[in-house]
Amino acid sequence: MKSQTINNIIDTYLKKWLENELNTLPIEIEPEMADLAQDKNEEWRTWYPVDSKVTAAEIGEIEGRIGHKFPDDYKTFLKHKHFYELHISDATFCEHPVNTWRASLTNMVFDGYPTGFLIDKGYIPFANWSDWGLLCFDTNGNNNDDNNYPVVLWDHEIADEFKDMAQDFYELIIKLDEEENAKGRHSSSIG
(Lines give C-alpha, C1' and ligand atoms only; values in the text may rest on other atoms or scores of the structure.)
Protein backbone atom coordinates (compact mmCIF):
# COMPACT_ATOMS: atom_id res chain seq x y z
CA MET A 1 0.00 0.00 0.00
CA LYS A 2 2.77 2.47 0.92
CA SER A 3 4.70 1.60 -2.23
CA GLN A 4 1.65 2.20 -4.40
CA THR A 5 0.97 5.54 -2.71
CA ILE A 6 4.57 6.67 -3.30
CA ASN A 7 4.38 5.57 -6.94
CA ASN A 8 1.02 7.31 -7.47
CA ILE A 9 2.34 10.59 -6.10
CA ILE A 10 5.48 10.42 -8.27
CA ASP A 11 3.36 9.64 -11.34
CA THR A 12 0.99 12.52 -10.60
CA TYR A 13 3.77 15.11 -10.50
CA LEU A 14 5.64 13.73 -13.49
CA LYS A 15 2.37 13.78 -15.44
CA LYS A 16 1.86 17.41 -14.43
CA TRP A 17 5.36 18.23 -15.71
CA LEU A 18 4.55 16.62 -19.08
CA GLU A 19 1.10 18.23 -19.36
CA ASN A 20 2.64 21.67 -18.85
CA GLU A 21 5.41 20.87 -21.35
CA LEU A 22 8.12 21.56 -18.79
CA ASN A 23 10.07 18.41 -19.67
CA THR A 24 12.82 20.14 -21.65
CA LEU A 25 16.40 20.95 -20.71
CA PRO A 26 19.39 22.50 -22.53
CA ILE A 27 21.46 19.33 -22.08
CA GLU A 28 22.06 16.02 -23.82
CA ILE A 29 19.24 13.64 -22.86
CA GLU A 30 19.90 9.94 -22.44
CA PRO A 31 18.52 8.07 -25.49
CA GLU A 32 16.15 5.95 -23.38
CA MET A 33 14.45 9.14 -22.17
CA ALA A 34 14.74 11.36 -25.26
CA ASP A 35 12.20 12.40 -27.86
CA LEU A 36 13.85 10.63 -30.79
CA ALA A 37 11.71 12.56 -33.31
CA GLN A 38 12.96 15.93 -32.05
CA ASP A 39 15.13 18.02 -34.37
CA LYS A 40 18.73 17.35 -33.30
CA ASN A 41 19.60 21.05 -33.81
CA GLU A 42 17.23 22.27 -31.10
CA GLU A 43 19.09 23.47 -28.02
CA TRP A 44 16.39 22.50 -25.52
CA ARG A 45 15.93 18.73 -25.51
CA THR A 46 12.71 16.97 -24.52
CA TRP A 47 12.86 14.17 -21.96
CA TYR A 48 10.26 11.66 -20.78
CA PRO A 49 10.06 9.74 -17.52
CA VAL A 50 10.56 6.00 -17.99
CA ASP A 51 10.24 2.95 -15.80
CA SER A 52 13.21 2.58 -13.50
CA LYS A 53 15.93 0.05 -14.23
CA VAL A 54 17.53 0.50 -10.81
CA THR A 55 18.66 -2.78 -9.26
CA ALA A 56 19.18 -3.80 -5.65
CA ALA A 57 22.88 -4.27 -6.46
CA GLU A 58 23.19 -0.67 -7.72
CA ILE A 59 21.48 0.64 -4.59
CA GLY A 60 23.77 -1.53 -2.46
CA GLU A 61 26.82 -0.06 -4.20
CA ILE A 62 25.77 3.51 -3.34
CA GLU A 63 24.83 2.51 0.22
CA GLY A 64 28.32 1.05 0.61
CA ARG A 65 29.94 4.24 -0.61
CA ILE A 66 27.76 6.41 1.63
CA GLY A 67 28.14 4.10 4.62
CA HIS A 68 24.40 3.92 5.36
CA LYS A 69 21.45 1.90 4.10
CA PHE A 70 18.64 3.78 2.36
CA PRO A 71 15.11 3.65 3.77
CA ASP A 72 12.94 1.00 2.10
CA ASP A 73 10.44 3.68 1.04
CA TYR A 74 13.24 5.63 -0.66
CA LYS A 75 14.32 2.46 -2.46
CA THR A 76 10.73 2.19 -3.73
CA PHE A 77 11.08 5.76 -5.00
CA LEU A 78 14.38 4.98 -6.76
CA LYS A 79 12.96 1.83 -8.36
CA HIS A 80 9.81 3.46 -9.77
CA LYS A 81 10.71 6.01 -12.49
CA HIS A 82 13.69 7.70 -14.07
CA PHE A 83 13.37 11.48 -14.57
CA TYR A 84 15.42 14.62 -14.97
CA GLU A 85 13.20 16.85 -12.85
CA LEU A 86 10.67 16.08 -10.13
CA HIS A 87 9.21 18.92 -8.06
CA ILE A 88 6.70 18.42 -5.26
CA SER A 89 5.92 21.52 -3.22
CA ASP A 90 9.27 23.18 -2.44
CA ALA A 91 11.24 19.95 -2.91
CA THR A 92 13.25 19.25 -6.05
CA PHE A 93 14.44 15.66 -6.00
CA CYS A 94 17.90 14.72 -7.19
CA GLU A 95 17.79 14.03 -10.93
CA HIS A 96 17.37 10.35 -11.70
CA PRO A 97 18.33 9.61 -15.35
CA VAL A 98 18.64 5.98 -16.49
CA ASN A 99 22.43 5.78 -16.83
CA THR A 100 23.70 8.58 -14.60
CA TRP A 101 21.43 8.53 -11.56
CA ARG A 102 24.15 7.11 -9.32
CA ALA A 103 26.57 9.88 -10.32
CA SER A 104 23.87 12.52 -9.70
CA LEU A 105 23.04 11.19 -6.24
CA THR A 106 26.69 10.66 -5.33
CA ASN A 107 27.44 14.22 -6.43
CA MET A 108 24.63 15.57 -4.23
CA VAL A 109 25.94 13.63 -1.23
CA PHE A 110 29.68 14.21 -1.59
CA ASP A 111 30.22 17.22 -3.84
CA GLY A 112 27.25 19.53 -3.32
CA TYR A 113 28.38 20.99 0.00
CA PRO A 114 31.43 20.22 2.13
CA THR A 115 31.01 16.73 3.57
CA GLY A 116 31.76 18.07 7.05
CA PHE A 117 28.34 19.76 7.10
CA LEU A 118 26.27 16.75 6.11
CA ILE A 119 27.40 13.21 5.30
CA ASP A 120 30.25 13.23 7.84
CA LYS A 121 27.62 14.05 10.49
CA GLY A 122 25.19 11.34 9.31
CA TYR A 123 22.93 13.46 7.06
CA ILE A 124 22.25 12.08 3.57
CA PRO A 125 20.93 14.75 1.16
CA PHE A 126 18.42 13.56 -1.48
CA ALA A 127 16.50 16.68 -2.57
CA ASN A 128 16.93 20.44 -2.81
CA TRP A 129 14.55 22.66 -0.85
CA SER A 130 13.53 25.86 -2.59
CA ASP A 131 16.78 27.66 -3.39
CA TRP A 132 18.26 27.62 0.09
CA GLY A 133 18.39 24.16 1.57
CA LEU A 134 18.50 20.38 1.31
CA LEU A 135 16.24 17.60 2.51
CA CYS A 136 18.33 14.93 4.23
CA PHE A 137 17.89 11.58 5.92
CA ASP A 138 19.06 11.88 9.53
CA THR A 139 20.84 8.60 10.18
CA ASN A 140 21.38 9.73 13.76
CA GLY A 141 17.65 9.60 14.41
CA ASN A 142 15.53 6.73 15.55
CA ASN A 143 14.67 4.18 12.91
CA ASN A 144 13.52 0.63 12.69
CA ASP A 145 14.65 -2.36 10.66
CA ASP A 146 13.77 -0.71 7.34
CA ASN A 147 16.09 2.26 7.99
CA ASN A 148 13.24 4.77 7.73
CA TYR A 149 15.25 7.65 9.09
CA PRO A 150 13.67 10.96 10.02
CA VAL A 151 13.86 13.61 7.29
CA VAL A 152 15.35 16.99 8.18
CA LEU A 153 15.76 20.29 6.37
CA TRP A 154 19.22 21.86 6.26
CA ASP A 155 19.61 25.56 5.51
CA HIS A 156 22.99 26.21 3.88
CA GLU A 157 23.05 29.67 5.52
CA ILE A 158 22.81 28.14 9.03
CA ALA A 159 25.05 25.10 8.69
CA ASP A 160 24.66 23.74 12.23
CA GLU A 161 20.86 23.73 12.37
CA PHE A 162 18.45 21.11 11.10
CA LYS A 163 14.66 21.39 11.11
CA ASP A 164 12.56 18.25 11.53
CA MET A 165 10.41 17.76 8.43
CA ALA A 166 8.95 14.27 8.64
CA GLN A 167 9.13 11.06 10.63
CA ASP A 168 10.29 9.19 7.50
CA PHE A 169 10.37 9.35 3.69
CA TYR A 170 6.80 8.10 3.28
CA GLU A 171 5.45 10.78 5.63
CA LEU A 172 7.49 13.39 3.73
CA ILE A 173 6.02 12.41 0.34
CA ILE A 174 2.49 12.58 1.78
CA LYS A 175 3.23 15.95 3.43
CA LEU A 176 4.72 17.44 0.25
CA ASP A 177 1.70 16.31 -1.78
CA GLU A 178 -0.67 17.82 0.81
CA GLU A 179 1.30 21.10 0.80
CA GLU A 180 1.14 21.28 -2.99
CA ASN A 181 -2.60 20.60 -2.94
CA ALA A 182 -3.13 23.24 -0.24
CA LYS A 183 -1.42 25.80 -2.46
CA GLY A 184 -4.08 25.00 -5.02
CA ARG A 185 -1.46 24.29 -7.64
CA HIS A 186 -2.33 20.66 -8.08
CA SER A 187 -4.78 17.97 -7.13
CA SER A 188 -3.46 14.44 -7.03
CA SER A 189 -5.29 11.22 -6.46
CA ILE A 190 -3.30 9.18 -4.02
CA GLY A 191 -5.46 6.08 -4.50
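The values are calculated or read from the model by the stated rules, or taken from the named source; none is laboratory data. These numbers were taken from a predicted model, which means no experiment stands behind them. Here the Cβ positions follow ideal geometry from the backbone for every residue, glycine too, while neighbour counts run over all protein chains shown. For accessibility, only protein heavy atoms count, side chains too; no ligands or nucleic acids. Shrake-Rupley method; radii C 1.70, N 1.55, O 1.52, S 1.80 Å.
Would a scan of segment 39-49 turn up a residue that is assigned to a helix (DSSP H, G or I) and either under 18 Å from the mean Cα position of the chain (by Cα) or within 23 Å of Ala91 (Cβ to Cβ) (or both)? If you could, list the steps in order and put the result at the bottom.
Filtering segment 39-49 for residues assigned to a helix (DSSP H, G or I) gives none.
No; the residues of segment 39-49 include none that is assigned to a helix (DSSP H, G or I) and either under 18 Å from the mean Cα position of the chain (by Cα) or within 23 Å of Ala91 (Cβ to Cβ) (or both).
Can you find a residue in segment 52-62 that is surrounded by fewer than 15 Cβ atoms within 10 Å (Cβ to Cβ), farther than 30 Å from Glu178 by Cα and at pLDDT below 95?
no
Taking Gln38 as meeting all but one of (1) in contact with a Ser or Thr (Cβ under 8 Å, 6 or more places away or on another chain); (2) at pLDDT 95 or above; (3) polar (S, T, N, Q); (4) open to solvent by less than 30 Å² (accessible area, probe 1.4 Å), write down the number of the exception.
Of (1) in contact with a Ser or Thr (Cβ under 8 Å, 6 or more places away or on another chain); (2) at pLDDT 95 or above; (3) polar (S, T, N, Q); (4) open to solvent by less than 30 Å² (accessible area, probe 1.4 Å), only one is false for Gln38: (2).
How many residues are basic (Lys, Arg) and either in a strand (DSSP E or B) or surrounded by fewer than 13 Cβ atoms within 10 Å (Cβ to Cβ) (or both) when one looks only at segment 16-35?
Here the count works out to 0.
Just wondering, is there one or more residues in segment 124-136 that are free of Cβ contacts under 8 Å to residues at least 60 places away in the same chain, more than 30 Å from Met33 (Cα to Cα) and surrounded by fewer than 20 Cβ atoms within 10 Å (Cβ to Cβ)? First the steps, then the outcome.
Our first condition is that a residue be free of Cβ contacts under 8 Å to residues at least 60 places away in the same chain; within segment 124-136, this holds for 124-136.
Going one step further and asking which of them are more than 30 Å from Met33 (Cα to Cα), we end up with none.
No - not one qualifying residue is present in segment 124-136.
I'm trying to understand the selection: among the residues of segment 1-24, which are touching a Lys or Arg at 6+ places or on another chain (Cβ under 9 Å) and farther than 29 Å from Phe70 by Cα?
Passing the criteria: Leu22, Thr24.
Condition test on Thr76, is it open to solvent by less than 40 Å² (accessible area, probe 1.4 Å), closer than 19 Å to Ile27 by Cβ, at pLDDT 95 or above and part of a helix (DSSP H, G or I)?
Details: open to solvent by less than 40 Å² (accessible area, probe 1.4 Å): yes; closer than 19 Å to Ile27 by Cβ: no; at pLDDT 95 or above: yes; part of a helix (DSSP H, G or I): yes.
Taking the combined requirement at face value, the residue does not satisfy it.
Would you confirm whether any residue within segment 96-110 is in contact with a strand residue (DSSP E or B) (Cβ under 8 Å, 6 or more places away or on another chain), surrounded by 18 or more Cβ atoms within 10 Å (Cβ to Cβ) and part of a loop (DSSP other than H, G, I, E, B)?
Going through segment 96-110, the residues in contact with a strand residue (DSSP E or B) (Cβ under 8 Å, 6 or more places away or on another chain) turn out to be 96-98, 101, 104-105, 108-109.
Restricting the remaining residues to those that are surrounded by 18 or more Cβ atoms within 10 Å (Cβ to Cβ) gives 96-97, 101, 105, 108-109.
Of the ones still in play, those that are also part of a loop (DSSP other than H, G, I, E, B) are 97.
Within segment 96-110, one or more residues are in contact with a strand residue (DSSP E or B) (Cβ under 8 Å, 6 or more places away or on another chain), surrounded by 18 or more Cβ atoms within 10 Å (Cβ to Cβ) and part of a loop (DSSP other than H, G, I, E, B).
So Thr115 passes all but one of these: (1) loosely packed, with under 15 Cβ neighbours inside 10 Å; (2) of a type outside the set (Phe, Trp, Tyr); (3) farther than 26 Å from Lys175 by Cα; (4) at pLDDT 95 or above. Which condition number does it fail?
Every listed condition holds for Thr115 apart from (4).
Please find, within segment 153-183, the residue that is surrounded by the most Cβ atoms within 10 Å (Cβ to Cβ) out of those that are closer than 19 Å to Tyr74 by Cα and of a type in the set (A, V, I, L, M).
Narrowing segment 153-183 to residues closer than 19 Å to Tyr74 by Cα: 153-154, 164-178.
Among the residues that remain, those that are also of a type in the set (A, V, I, L, M) are: 153, 165-166, 172-174, 176.
Details: Leu153: 20, Met165: 19, Ala166: 19, Leu172: 23, Ile173: 25, Ile174: 16, Leu176: 22.
If we take residues in segment 153-183 being closer than 19 Å to Tyr74 by Cα and of a type in the set (A, V, I, L, M), then Ile173 is surrounded by the most Cβ atoms within 10 Å (Cβ to Cβ).
Quick one: Ile59 ticks every box in (1) touching a strand residue (DSSP E or B) at 6+ places or on another chain (Cβ under 8 Å); (2) under 15 Å from Phe169 (Cβ atoms); (3) of a type in the set (A, V, I, L, M, F, W, C) bar one, so which box is it?
(1)
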